[in-house]
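Where a number appears in this text, it was derived from the coordinates with a stated rule and is not lab data. Note that the structure is predicted; figures quoted are calculated from it, not measured. FYI the Cβ positions are ideal-geometry reconstructions off the backbone, even for glycines, and counts take in every protein chain you see.
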Amino acid sequence: MILRRIWALTLVLGLCQGCQPNPNQVEFVVADGFRGTFIIKPDVPDGVELEKEHGRFVVRIPKDGILGIKGHGPFNSYLCTARYDNGDVIWVSKRIDDKPQEGEVALLGGHTHIESANNGKQVGDYRWFVGTVEDWKSSRH
């Protein structure tokens with residue numbers, strides 16, 4: 001019950017934040033050939049510091065798909081693009097009902113995952129999926 005309330009509050013706050021007039025620009029740069037879920041873990045003391053390059057935050061996802069960052073990053077209100085290290089573009093939704101072409105590699109999802117730790121505190125991370133819509137439907141994202 002408490003997790004439902006937290007989820008609902010997170011959703012409402014996320015929707016309100018998404019209406020900011022100047023959202024952050026984020027570019028995900030994914031290791032060549034990566035497919036599946038990648039995870040960004042916030043508040044990692046020895047994590048990377050996300051910095052702006054040419055007016056946007058460049059978030060480099062390693063081969064194992066797990067990135068620890070200092071702080072929470074620019075993910076409360078953002079517009080994003082995505083590409084592989086080699087420059088190949090990864091499709092990203094720009095409008096509410098747009099969809100990638102069949103078989104096209106896309107950035108899908110984009111949600112906060114929250115669970116309880118052994119000490120009773122809640123820990124969260126950010127998750128996205130890279131692959132085709134068919135991959136997404138058959139995965140445990």
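Taking a 30 Å limit on the Cα-Cα distance, which of the listed pairs K52/K121; K41/K99; K70/K99 fall beyond it?
K52/K121; K70/K99
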Expressed in nanometres to one decimal, the distance between label points 7 Å along Cα→Cβ at E51 and K99 is 4.2
Calc'd 3J(HN,Hα), the range 99-111, phi into Karplus 6.51 cos²θ - 1.76 cosθ + 1.60 (θ = phi - 60°), Hz, glycine/Pro = x, comes to 9, x, 5, 4, x, 7, 6, 9, 9, 10, x, x, 9
Taking L107, L79 and counting other beta carbon atoms within 10 angstrom, the fewest-first order is L79, L107
Once amide hydrogens are built 1.01 Å from N within the peptide plane, the residues lying 5 or more places from V59 or on another chain with amide H under 5 Å from its amide H are E27, F28, V29
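Within the range 30-75, which trypsin sites (Lys or Arg not before Pro) sit in a loop by DSSP and count at most 14 neighbouring Cβ atoms inside 10 Å?
Answer by residue number: R35, K63, K70.
Which GluC sites (Glu not before Pro) in the range 89-126 sit in a loop by DSSP (not H, G, I, E or B) and have at most 11 other Cβ atoms within 10 Å of their own Cβ?
Working: sites: E102, E104, E115; in loops: E102, E104.
Sites meeting the loop and neighbour criteria: E102.
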